[in-house]
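Asker: Have a look at the structure that comes next, please.
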Amino acid sequence: MKTYLLPSLKLTLILIVITAGIYPLAIAGVGKLTPGHGDGETVSYKGRVVGYALEGQKFTKDEYFWGRPSAVDYNAAGSGGSNKGPSNPDYLKDVEKRIQDFLKHNPGVTRAQIPAELVTASGSGLDPDLSPAGAQVQVARIAKIRGLQIAEITQLVNEHTEKPMWGVFGPAKVNVLKLNVALDELKK
Amino acid sequence: MNTEISGVIFTYLLTLALAIPLGRYIARVFKGEKTWLDFMAPFERFIFRFSGIDTKKEMNWKQHLFALLTINSVWLIYAFVCLMAQGHLPLNPDANPGQSPDTAFNTAISFLVNCNLQHYSGESGATYFTQHFVFMFLHFVSAAAGIAALVVVFRALKDKVTDKLGNFWDYFVKTITRILLPISFVIAVIFAFNGMTTSYAGKDTFISMQGDTVHVSRGPVAALVAIKHLGTNGGGWFGANSAHPIENPNYLTNTTELVAQCLIPIALVFALGFYLNKKKFSYVIFGVMTIGMLMFLIPTINAELNGNPAIARMGISQPNGAMEGKEVRFGPANSAYWSIMTTIISTGSVNSMHDSAMPVSGTMMLLGMMVNCFYGGCGVGILNFYIFIIIAVFISGLMVGRTPEFFGRKIEAREMKIASLIALLHPFIILVGAAISSYVIVHMPGADWAVKPSTWLNNPGNHGFAEMLYEYTSSAANNGSGFEGLGDGNIFWNVTTGFVMILGRFLPIIGPLAIAGLLANKKYIPESAGTLKSDTSTFGVMIFAVIMIIAALSFFPALALGPIAEHFSLK
């Protein structure tokens, strides 16, 4: 027993120091050199922190672009999806409710124009993005309520559309928080 | 080409391009040849001196097992105690409480065995101390233990008639210092520069654009996420795992995480060829594994891109595919690729919620874990595959009337008994588990546990059954992903999956090690015209057939009750 137990104990001890002590401290050191200093990058509006760039937040007012439905109500101290299966009847009723709600707030939009991500919950509940189509479909509502030109807002969405990685890999997307901050900055 | 599909192809090709040289490097490390990380040698000597280990002492297969099991027992006790006591330990800025005994039991085993099933949420159920000093530590050592066990088998295949199979501590420590730690460091730096948090600061609070008060969980995430994938562990910092925007901020980090989790399992296949100087043999294994992977991947991508037919009937457009449980920045094609890789490779991290995937995808994910050796986890993937090789050699031997031989050693009754037991253990623990939980739901719906059986299932019907089947499959395969709708945070699931995880880890390590050790002791028979060639495509087809018959078919009835039935009800 001694031949194995003692080395096991000592080896465990020293590996804890290396892998859980030294290694993450070195990474924390590197993190200080990054844009968010390792604390997470924030977004400010009028000198006040209004959110984290990577994390989605709740937008329910008509004058803002809405993000995706969230199973955790955008609680950033928790996270998770709905875990509803694709055939679950209660889930399908929820989706139908979201569609009707969206149609009510966006008169003139047809069902076929609503991209799926606007009526389905994200995996993390904190999805910060929409597809470009998910933002464009809301432009008319926002233009009307803010009294702005449709072209002006369409332009804003285009400016905030991030291309796929290196132009060729993965989907294009729009960060909802940054887009809404830019929207508020329009009418300063 | 569609940018989502090109992203998937790029990710796979990048993995291969890195895995082949890494395989050559790994073979050199364990052959004791010169490598460019030789400057680590004094550091390793210090570790061995401190621990009182003499790496010159060679061990036989039983001594290897003793060493492996002893140090694993130490880790189990250590992890259990820390998790119970985490509320009183330092590095707990969010003041999270200790885990209950049954949750701590489950969590300690889960990380010990490289499974990383998580019956708690990282934001509230763990502290920075346990995330690093328990989980991240176990991420490193459980992966290294699996690889070290595999190296013992490599060694047993290489030498003619011997019972000296090298030193376990040597393999184990070198796996950490020469492979896991340096690569993790590079990956974590990439993550840090892409917005993953690295500091030890606790929760932050801000007022949102609409005026809501929001609390934001964070922490030193980047270091953990690197080894979480490199070591095929999968246990994430946050509840939503790699779907969480801090744990996986953008497409680049997503690609990095995908490459990291597939890298070592694929590299080890090539390392086998370089180590034994039998490259053709490793191409055969790689071919079988890759065909198996594609068989699961293509239907999954297809199903996810086509979207949910029930939602299509509501008149909604699904230009990119099914979006429930998925993130916009990854898209359905990439989420499908991830869900197959993470299940065949036993990582178990997720970047989309598997519970909400299409039934076809769910079937493929389950099959990935049921087979559990298409690439497979760090070290253990090839150990599982080794069992199927032994069975395939034996059956082909019988079919053509030759003595079953593998690398010059006769395979006899004892080896076959061990191999069959291990091959049958996997379906046994999964199906018995699913049967017991189904019984409990029906007959004890009101049992007084933290989550009552009547409320376990988040979805009705066939999908609900699939949630339970998935949980046991994931535990037995040491995968760790879940159909997370399942109410698994109670004593029934904590205890039963705890035992399934232990059996599913250690028996499939002990079995192949024993077979390899026994074979290495046998008389060496030089190759002759009568020898079955193990490096031909015919033999590859044979292994594939054995895997499909044993692993896939034994699960067919259970799959038919779950996702397959759901698929037909959805059409």
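Asker: State the Cα centre-to-centre distance between the stretch B:507-571 and the stretch B:91-132 in whole Å.
Answerer: 35 Å
Asker: In the protein assembly as shown, if every C-alpha pair distance is counted and binned at 20 Å from zero, what percent goes to each bin?
Answerer: Percent of pairs per bin, in order: 17, 51, 27, 4, 0.
Asker: Once Rh is set to the Kirkwood radius over Cα pairs, what Stokes-Einstein translational diffusion coefficient, in µm²/s, holds for the stretch B:384-506 at a temperature of 25 °C and a viscosity of 0.890 mPa s? If you can, show how the numbers build up before the last one.
Answerer: Working: Rh = 16.4 Å.
Here the translational diffusion coefficient equals 150 µm²/s.
Asker: Step through the residues of the stretch B:255-272 one at a time and calculate ³J(HN,Hα) from phi using the Karplus curve (6.51 cos²θ - 1.76 cosθ + 1.60, θ = phi - 60°), rounding each to whole Hz and writing x for Gly and Pro.
Answerer: Computed from phi, the couplings for the stretch B:255-272 are 4, 4, 5, 5, 5, 4, 6, 8, 4, 5, x, 6, 4, 5, 4, 6, 4, 4 Hz.
Asker: Can you bin the stretch B:481-541 into rounded, prolate or oblate? Criterion: square roots of the alpha carbon gyration tensor eigenvalues sorted a ≥ b ≥ c, rounded for a/c under 1.5, prolate for a/b above b/c, oblate for the rest. Before the final figure, lay out each step's value.
Answerer: Details: a/c = 8.07, a/b = 2.38, b/c = 3.39.
It is oblate, given that a/c is not under 1.5 and a/b is not larger than b/c.
Asker: Find the Rg to Rh ratio for the stretch A:10-62, where Rh is the Kirkwood radius over alpha-carbon pairs and Rg uses the same atoms.
Answerer: On the way: Rg = 18.1 Å, Rh = 14.1 Å.
Rounded to two decimals, Rg over Rh is 1.28.
Asker: Okay, helix-only estimate at 222 nm for chain B: each DSSP H run of n ≥ 4 adds -39500 (n - 2.57), divide by all residues, round to 500 deg cm²/dmol; what do you get?
Answerer: Working: 21 runs with 336 residues, N = 571.
When only DSSP H runs of four or more count, the value is -19500 deg cm²/dmol.
Asker: Something else about it: Once amide H atoms are placed 1.01 Å from N in the peptide plane, what residues at a sequence separation of 5 or more from A:VAL50, or on another chain, have their amide H within under 5 Å of its amide H?
Answerer: A:VAL43, A:SER44, A:TYR45
Asker: If you roll a 1.4 Å probe over chain A with all protein chains in place, what percent of the accessible area is carbon or sulfur?
Answerer: Numbers: 4720 of 8100 Å².
Using a 1.4 Å probe with all protein chains present, chain A comes out at 58 percent carbon and sulfur.
Asker: Please list, ordered by chain and number, the residues whose modelled amide H lies under 5 Å from the amide H of B:VAL451; skip anything fewer than 5 residues away on the same chain.
Answerer: Result for B:VAL451 returns B:ILE491.
Asker: When the Debye formula is applied to the Cα atoms of chain B, each taken as the same point scatterer, what base-10 log of I(q)/I(0) results at q = 0.05, 0.09 Å⁻¹?
Answerer: Rounded to two decimals, the profile gives -0.20, -0.65.
Asker: Kindly state, to the nearest 0.05, the FRET efficiency for B:ILE298 paired with B:LEU421, given R0 = 22 Å and r defined as their beta-carbon distance.
Answerer: Details: r = 33 Å, r/R0 = 1.52.
For R0 = 22 Å, the calculated efficiency reads 0.10.
Asker: What is the log10 of I(q)/I(0) for the stretch B:418-480, computed with the Debye formula using one identical point scatterer on each Cα and no solvent, at q = 0.20 Å⁻¹?
Answerer: -0.81
Asker: If you take all C-alpha pairs in the stretch B:1-57, what percent of them are over 19 Å apart? Intermediate values should be presented prior to the final figure.
Answerer: Working: 888 of 1596 pairs.
Summing the P(r) of the stretch B:1-57 above 19 Å gives 56 percent of all pairs.
Asker: Only protein chains counted, 1.4 angstrom probe. Which residues of the stretch B:322-346 are at least 40 Å² less accessible in the assembly than when their chain is isolated?
Answerer: Correct list: B:MET323, B:GLU324, B:GLU327, B:VAL328, B:ARG329.
Asker: Per residue, how much accessible area does the stretch B:310-354 have with a 1.4 Å probe, in Å²? The partial results should precede the final answer.
Answerer: Values: 630 Å² over 45 residues.
Here the per-residue accessible area is 14 Å².
Asker: If you average the C-alpha positions of the stretch B:269-338 and of the stretch A:155-177 separately, how far apart do those two centres end up, in angstrom?
Answerer: Comparing the Cα centres of the stretch B:269-338 and the stretch A:155-177, I get a distance of 24 Å.
Asker: Dipole size in debye (nearest 20) for chain B around its Cα centre, Lys and Arg Cβ +1, Asp and Glu Cβ -1?
Answerer: Values: 35 positive and 31 negative charges, 466 e Å.
My answer is approximately 2240 debye.
Asker: Moving on. If I histogram all Cα-Cα distances within the stretch B:40-174 using bins 5 Å wide from 0, what percent of pairs lands in each bin?
Answerer: Using 5 Å bins, I get a P(r) of 2, 10, 18, 18, 15, 12, 11, 8, 4, 2, 1, 0 for the stretch B:40-174.
Asker: For the stretch B:420-571, build the convex hull from the C-alpha positions and give me its volume per residue in Å³. Don't skip to the answer; put the middle values down first.
Answerer: Working: hull volume 20.5 nm³, N = 152.
Dividing the Cα hull volume of the stretch B:420-571 by its residues yields 135 Å³.
Asker: OK, next. For the pair B:LYS522 and B:LEU561, how long in nm is the line joining their label points, each one 7 Å along Cα→Cβ?
Answerer: Placing both labels 7 Å along Cα→Cβ, they lie 3.9 nm apart.
Asker: Next question. Taking θ as phi - 60°, what are the ³J(HN,Hα) couplings along the stretch B:378-385 by the Karplus curve (6.51, -1.76, 1.60), each to the nearest whole Hz, with x for Gly and Pro?
Answerer: Once rounded to whole Hz, the list reads 4, x, 5, x, 6, 4, 5, 4.
Asker: Tell me which residues come under 5 Å, amide H to amide H, from A:GLU162 once H is placed; ignore anything under 5 positions away on its chain.
Answerer: Those lying under 5 Å, H to H, from A:GLU162 are A:LYS173, A:VAL174, A:ASN175.
Asker: Then there's this: Can you list the DSSP H helices in chain A whose Cα atoms extend at least 18 Å along the helix axis and whose mean Kyte-Doolittle hydropathy is -0.5 or higher?
Answerer: A:2-16
Asker: Hey, another quick one. Arrange the residues B:LYS326, B:LYS160 by how much accessible surface each exposes, largest first, with a 1.4 angstrom probe. It would help to have the intermediate numbers written out before the result.
Answerer: Numbers: B:LYS326 5, B:LYS160 130 Å².
So the residues, ranked largest to smallest area, are B:LYS160, B:LYS326.
Asker: Order A:GLU41, A:GLU117, most accessible first, counting only protein heavy atoms with a 1.4 angstrom probe.
Answerer: On the way: A:GLU41 95, A:GLU117 5 Å².
Correct descending sequence by accessible area is A:GLU41, A:GLU117.
Asker: Sticking with this one: Quick one: Kirkwood hydrodynamic radius for chain A, alpha-carbon pairs, angstrom, one decimal?
Answerer: On the way: mean 1/r = 0.0510 Å⁻¹.
Across chain A, the inverse of the average 1/r is 19.6 Å.
Asker: Just tell me which aspartates and glutamates come within less than 18 Å, Cα to Cα, of A:LYS178; anything on the same chain fewer than 8 places away is out.
Answerer: Here the aspartates and glutamates satisfying the reach criterion relative to A:LYS178 are A:GLU41, A:GLU55, A:ASP62, A:GLU63, A:ASP127, A:ASP129, A:GLU152, A:GLU159, A:GLU162, B:ASP212, B:GLU327.
Asker: So, one more: On a straight-distance basis, which lysines could pair with A:LYS32 in a cross-link, Cα separation under 23 angstrom, same-chain partners fewer than 8 positions away excluded?
Answerer: B:LYS203, B:LYS228
Asker: Sticking with this structure for a sec: Shielding of B:7-15 by partners, i.e. mean partner chain Cβ atoms within 10 Å per residue? If you can, show how the numbers build up before the last one.
Answerer: On the way: counts 7, 2, 1, 5, 2, 0, 0, 0, 0.
Shielding by partners across B:7-15 averages 2.
Asker: Under a straight-distance cross-link criterion of Cα-Cα below 20 Å, which lysines are reachable from B:LYS410, leaving out those fewer than 8 residues away in the same chain?
Answerer: Partners found: B:LYS158, B:LYS160, B:LYS164, B:LYS278, B:LYS522, B:LYS523, B:LYS533.
Asker: For chain B, take the longest principal axis of its alpha carbons; what is the angle in degrees between that and the long axis of helix B:61-85, to the nearest 10 within 0 to 90?
Answerer: Compared with the principal axis, the helix lies near 20 degrees.
Asker: When you have a sec, figure out the Kirkwood radius of the stretch A:69-112 from all distinct Cα pair distances and drop it here in Å to one decimal? Could the numbers behind the result be given before it?
Answerer: Working: mean 1/r = 0.0821 Å⁻¹.
In the stretch A:69-112 this quantity evaluates to 12.2 Å.
Asker: Is the shape of the stretch B:195-236 best called rounded, prolate or oblate, per the rule: a/c under 1.5 gives rounded, else a/b larger than b/c gives prolate, else oblate, with a ≥ b ≥ c the square roots of the Cα gyration tensor eigenvalues?
Answerer: Note, shape of the stretch B:195-236 comes out prolate.
Asker: Now, a different point. Diagonalise the Cα gyration tensor of the stretch B:526-568 and give the resulting equivalent ellipsoid semi-axes, square root of 5 times each eigenvalue, largest first, whole Å.
Answerer: On the way: eigenvalues 271, 16, 5 Å².
With the √(5λ) rule applied to the stretch B:526-568, the semi-axes are 37, 9, 5 Å.
Asker: Counting protein heavy atoms only and a 1.4 angstrom probe, how many square angstrom of accessible surface do chains A and B bury in total, to the nearest 100? Don't skip to the answer; put the middle values down first.
Answerer: Numbers: alone 12230 and 22290 Å², together 26410 Å².
Protein heavy atoms only, the A-B interface buries about 8100 Å².
Asker: Hey, what did chain B get for relative contact order, percent, Cα under 8 Å, at least 6 apart? Working shown, then result.
Answerer: On the way: 995 pairs, mean separation 107.2, N = 571.
Normalised by residue count, the contact order of chain B is 19 percent.
Asker: Let me ask you something else. Suppose only helical runs count, i.e. DSSP H with n ≥ 4. What mean residue ellipticity at 222 nm does that imply for chain A under -39500 (n - 2.57) per run, divided by all residues and rounded to the nearest 500 deg cm²/dmol?
Answerer: Numbers: 7 runs with 76 residues, N = 188.
When only DSSP H runs of four or more count, the value is -12000 deg cm²/dmol.
Asker: Something else about it: Residues in the stretch A:44-67 near a label at B:ASP212, defined as backbone nitrogen under 17 Å from the 7 Å Cα→Cβ point?
Answerer: Residues A:50-67 fall inside that zone.
Asker: Nearest 10 degrees, 0 to 90: what angle lies between the long axis of helix B:221-230 and the longest principal axis of chain B (Cα atoms)?
Answerer: Tilt relative to chain B: about 40 degrees.
The values are calculated or read from the model by the stated rules, or taken from the named source; none is laboratory data. All values reported here derive from a predicted model rather than from experimental measurement. For neighbour counting, all protein chains shown are included, and Cβ atoms are generated from backbone atoms with ideal geometry for every residue, glycine included. SASA here: full protein model, heavy atoms, side chains in, ligands and nucleic acids out. Shrake-Rupley method; radii C 1.70, N 1.55, O 1.52, S 1.80 Å.
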